[in-house]
Amino acid sequence: MIEIHRLTEAHIESVKKVRLLEEQIQFSSTAEDFLSDETESTHLHVIQWNKITVGFFKLDLNYTSNYDFCPNNTIGLRKFAIDKDQQGKGLGKQSIKALFTYLKEHYPTYQFLYLTVNTRNSGAATCYEKSGFEYTNEMYLGGDFGPQHVMRKQITA
């Protein structure tokens, strides 16, 4: 069973064990970089499968302020990563499903979850699309590794 948790001190060692394929690091983050980026408006989270940490992501509460393509009442998904040894098992899709249940409970004031996905990261784009995200037909061109599609999914009905 997939569970989402806000990062605590107890998760840090298990997060450090999460590894990505070399070509995926440019699109997401190493565990060390992920752990160094928590702020008041950037909340770090872990993904656990059967009590084992298999991934991580950030929720950016200031996404609307930082990106023109985001309307108000939007939260941003950043640095979503699943361990390379756990990929291909459907854990990405299961994690996104669990994330929306988690968002409704812990971030109820937000209406949409937005993200950007690099145009060269077709595996992630497919996972997001199969998980109910839609393309907004906008592109984000400010990333370090090339153009990115803007995608979103409604949190509340």
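Structure above, values below:
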| quantity | calculated |
| --- | --- |
| Enumeration of residues in the range 117-153 that are open to solvent by 40 Å² or more (accessible area, probe 1.4 Å), closer than 18 Å to residue 72 by Cβ and under 15 Å from the mean Cα position of the chain (by Cα) | 152, 153 |
| Candidate set from the range 52-86 (those that are touching a residue at least 12 places away in the same chain (Cβ under 8 Å) and assigned to a loop (DSSP other than H, G, I, E, B)); member that is nearest to residue 121 (Cα to Cα) | 83 |
| Test: residue 93 is assigned to a strand (DSSP E or B) and modelled with pLDDT under 95 | no |
| Selected residue (only one of 51, 84 is among the basic types (Lys, Arg), farther than 22 Å from residue 33 by Cα and either open to solvent by 10 Å² or more (accessible area, probe 1.4 Å) or touching a helix residue (DSSP H, G or I) at 6+ places or on another chain (Cβ under 6 Å) (or both)) | 51 |
| Within the range 54-69, tally of residues that are of a type outside the set (D, E, K, R) and either buried (at least 21 other Cβ atoms within 10 Å of the Cβ) or closer than 13 Å to residue 95 by Cα (or both) | 6 |
| Residues of the range 96-121 satisfying the condition of being over 16 Å from residue 133 (Cβ atoms) and in a loop (DSSP other than H, G, I, E, B) | 107, 108, 109, 120 |
| Condition check for residue 5: outside any loop (DSSP other than H, G, I, E, B) and surrounded by fewer than 19 Cβ atoms within 10 Å (Cβ to Cβ) | yes |
| Candidates 113, 21, 91 - the one that is aliphatic (A, V, I, L, M) and open to solvent by 40 Å² or more (accessible area, probe 1.4 Å) | 21 |
| Yes/no for residue 27 being open to solvent by 10 Å² or more (accessible area, probe 1.4 Å), under 25 Å from residue 145 (Cβ atoms) and modelled with pLDDT of 95 or more | no |
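The values are calculated or read from the model by the stated rules, or taken from the named source; none is laboratory data. None of the values given here were measured: they were computed from a predicted structure. Quick reminder, even Gly has a Cβ in these numbers, built from the backbone with ideal geometry, and neighbours come from all protein chains shown. In case anyone asks, the SASA skips ligands and DNA or RNA and just uses the protein heavy atoms, side chains included. Shrake-Rupley method; radii C 1.70, N 1.55, O 1.52, S 1.80 Å.
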